[in-house]
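Colleague: Below you will find the structure I want to go over with you.
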Protein chains: 2
Amino acid sequence: MEDITSILVDLFIIFACAKLAGEIFLRLKQPAIVGEVLAGVVIGPYALGLIGDPSADFVTLFNGDEETATEALNVVYDVIAGLGVIILLFVVGLETRLSELMAVRNRAVAVGVLGIIFPWLLGFGFVYATGQSDVESAFVATAMVATSVGITARVLGDLGVMKSEEARIILGAAIVDDILGLLLLAVVVSWGEGDVDVVELGVTAALAITFVVFAASVGTHVSRRYSIHLERLHMENGAFFVAMLLMLGLSALAGVIGLAAIIGAFLAGLILAEADERFELERQSRPIYEFLTPFFFVIIGTQVDVAEFKDPSVLAVALAVTGLAIVGKLAGGMLGSRGMPIRNAAIVGTGMVPRGEVGLVVAGIGAGIGAVSQDMFAVVVFMSIATTLVAPPALSVLFRGVVAPADSRETDLAEP
Amino acid sequence: MEDITSILVDLFIIFACAKLAGEIFLRLKQPAIVGEVLAGVVIGPYALGLIGDPSADFVTLFNGDEETATEALNVVYDVIAGLGVIILLFVVGLETRLSELMAVRNRAVAVGVLGIIFPWLLGFGFVYATGQSDVESAFVATAMVATSVGITARVLGDLGVMKSEEARIILGAAIVDDILGLLLLAVVVSWGEGDVDVVELGVTAALAITFVVFAASVGTHVSRRYSIHLERLHMENGAFFVAMLLMLGLSALAGVIGLAAIIGAFLAGLILAEADERFELERQSRPIYEFLTPFFFVIIGTQVDVAEFKDPSVLAVALAVTGLAIVGKLAGGMLGSRGMPIRNAAIVGTGMVPRGEVGLVVAGIGAGIGAVSQDMFAVVVFMSIATTLVAPPALSVLFRGVVAPADSRETDLAEP
């Protein structure tokens, strides 16, 4: 048992700043999440440094090696942030029925596929044209394809429109997007390391698709049919424990397969949505969501090093990549959901825009194998955060103009 | 953002084993917490090794240095476990009124003071008699004084007797115990480092006492009088966020002062108990408690290295120290609560017996400055876990024989 006081102080600062910034943004009629991410930028190690620098005691734990201590501290943050976004997607899953998802499956697949192709081609073309190598261009392009559905899910929840058709399409598309993104990443990493193994790729694809299909179909069936037996457990509130266990288990399994952990968390929620009413799982999960989720958004913000953009050429590339990332997803989303009114299609496209942590993971892997330079890493960070900050206000504005049934939608920002 | 998959797998294993072992123990009519701690012993790095050994990917994050990666992994576990016991004591605080605590203050102080003196003298005398140095004897004795009220609080909650007079005395005594333990530790550390600074000790004592008194008196007053203004916040469910913020803040502050973080968490709960009804804080905190608390108990168990006790002389010392630790606290608790019926006084004494993580922290500090040998560290670990395992069944048995008002007590183990 180590003394974790310095980390408790950090968690207190993160939570306090998240809520303070969120409250300020709500009073300015802006989405709270934007305030939370910007709070992270401000208090992070590259700006005020209120968090992210290990305390002297903490460095002592690692034999005085400050770099290692910083890495360990980041792992702690990432685990807390990871649990935050996992519980977020779990709650979103609890609010989603498989049948509702299946009703929009064609549009969801189209949005997912086109939303991968457009940004990738635009990104690759542009970065390659600026004179980077083909491998580096491919990494940046791949970092541009992966939507971070956590951001959009939070905004949709805050707007009270989680039950809308657009929300369903976005959630379904995010799953497709993540599977394709996983395969693209596998290809690009093999390319960067110099050997593309087609058999391995096939296995990865088969595993990922099997996992999603099996969890969604068999999982929901078992849950509908057998969840009543959870009442037989001796432990108090056994159903809730099983729910948390499934959430952790499918998140971990998704991660082992190579998918984002949040896909597993969403599937766990989707499975348990069939048993939610009996056991009040959503009511019980929500406080955990409210406690842990703010950490995710603040910690996303702490990754930004504003000093990187003093170099105007880096800033120009970052702005261009961000523009293409937005245009690519908007085009993919709107084309994929054609047939809907233009405003609704724009909502779908905008919902796919935020890249958040997923782009950072891809760029981090690229930097890890030496395929992505520091400058291009900074560009990806900029693009991830900028797309994350742009989408929430745009979604609020777009939803304000949509006529919706009173029972499923509210446009008041503060009260879902 | 790092890939945290291997840690998610660990968390899944911990949670699954905690609940499985807890369920088995409940079916055997034993306290679930004992199963959870034993599950930790079994799956920990010294036995099956299901958790506690970093994955290959995780080691890569730390430049291939396995020892550093293990240390980082332990920090992650400790933070999750720490949050678990913090929310536990916060909920206990929410169930406690300051007035009820003040009603038992004389007994609580007597139990706290005597429960420090007896185990310390017994421990110091015995270890010194076995031929250890005076400083090492003092460290072991100090590790024997600190009650881990988290263990007892969990058992009292599971038994549904948190509102009993005995529970109040134990909670009050645990605060006194922690303040005195902090001062003892400060003395022993200075002794081990060769310079005792009386002024610094006085400052530590003043700070700790001021913190507790100020939080308990001014905090509860402010909460009673002004908490209604929390309704003015724009954020949804603002009162709950302020509650979580106060919990993290006072825990961190207690840690900075040198007290256990859980004392701060308990005080935060005590303060907000005055506003609990209006904002349903306990109802909202309970799912977080149920999600995070099992990690604490399992992770306590993972610290035990059973192989250390193959040496019969180490085992003999460990058994003797454990016996003295139990006798010392029982005597202190029963003498401090004399005037109560013998069975009720025995409950108070037994409730002070578990040492849990606090003894481990003290011994860890001693080992860190070279004052505690590896053998004596193993002895302290044994004593901490053994006292933790002995107390819960004893408490269940003792409470079964107590005639209690129907509205405040239930003796069914499974249903509080």
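Colleague: Run through the other copies and list how far each one's label point is from that of residue B:234, in nm with one decimal, shortest first; the point sits 7 Å from Cα along Cα-Cβ.
Modeller: Nearest to farthest, the other copies are at 5.2 nm.
Colleague: Kyte-Doolittle mean at least -1.0 and Cα extent at least 24 Å along the axis: which DSSP H helices of chain A qualify?
Modeller: Span-like helices in chain A: A:5-27, A:66-94, A:105-129, A:165-193, A:238-257, A:281-301, A:312-336, A:374-400.
Colleague: By how many nm would the segment from residue A:236 to residue A:197 lengthen if fully extended, with 0.36 nm per residue of separation less the alpha-carbon distance?
Modeller: 9.1 nm
Colleague: Also, quick follow-up: Residues with beta-carbon under 10 Å from that of residue A:241, excluding residue A:241: net charge, scoring Lys, Arg +1 and Asp, Glu -1?
Modeller: That works out to -2.
Colleague: To confirm my reading of the symmetry, which residue of chain A has the Cβ nearest the axis that brings A onto B, and what whole-Å distance does it have?
Modeller: That would be A:72, 2, residue then distance in Å.
Colleague: Where q = 0.14 Å⁻¹, what log10 of I(q)/I(0) comes from the Debye formula for chain B, counting one point per Cα?
Modeller: -1.35
Colleague: Among A:16, A:32, A:110, determine the one that fluctuates most according to a GNM of chain A built with springs between C-alpha atoms less than 10 Å apart.
Modeller: A:16
Colleague: If one computes the Cα centroid of the stretch B:128-169 and of the stretch A:324-381, what distance in Å separates the two points?
Modeller: One Cα centre to the other: 54 Å.
Colleague: For the pairs A:163/B:163; A:19/B:19; A:19/B:163; B:163/B:329, flag any whose C-alpha to C-alpha distance is greater than 31 Å.
Modeller: Long pairs (Cα-Cα over 31 Å): A:163/B:163; A:19/B:19; A:19/B:163.
Colleague: Hey, another quick one. How far, in nm to one decimal, is residue B:27 from itself in the other copies if the label point is set 7 angstrom along Cα toward Cβ? Shortest first, please.
Modeller: Counterpart label points of residue B:27 in the remaining copies fall at 5.6 nm.
Colleague: Can you tell me which aspartates and glutamates have their Cα less than 19 Å from the Cα of residue B:310? Leave out same-chain residues fewer than eight positions away.
Modeller: The qualifying aspartates and glutamates are B:375.
Colleague: Which value in nm describes the separation of the simple spin-label points at residue B:226 and residue A:24, placed 7 Å from the Cα toward the beta carbon?
Modeller: 2.1 nm
Colleague: Expressed as a fraction of 2.2 N^0.38 Å, the rule-of-thumb size for a compact globular protein of N residues, what is the C-alpha radius of gyration of the protein assembly as shown?
Modeller: Compared with the compact-globule rule of thumb, the protein assembly as shown sits at 0.97.
Colleague: Calculate, for residue A:217 and residue A:106, the FRET efficiency according to 1/(1 + (r/R0)^6) with r their C-beta to C-beta distance and R0 25 Å; round to the nearest 0.05.
Modeller: Efficiency, rounded to the nearest 0.05: 0.90.
Colleague: Now a separate question. Where does each of A:244, B:352 land when they are ranked from fewest to most other beta-carbon atoms within 10 angstrom?
Modeller: Listed from fewest to most nearby Cβ atoms, that is A:244, B:352.
Colleague: Further question on the same structure: So the label point sits 7 Å from Cα along the Cα-to-Cβ vector; using that for residue B:195, what distances do you get to the other copies, in nanometres, sorted shortest first?
Modeller: 6.1
Colleague: Using a cut-off of 14 Å between beta-carbons, work out the net charge of the residues near residue A:352 (Lys and Arg +1, Asp and Glu -1, residue A:352 not included).
Modeller: Net charge in that neighbourhood comes out at +1.
Read the figures in this text as sums done on the coordinates, not as results from a lab. This is a predicted model, so every value here is computed, not measured. No Cβ is skipped: glycine too gets one built from the backbone with ideal geometry, and neighbour counts run over all protein chains shown.
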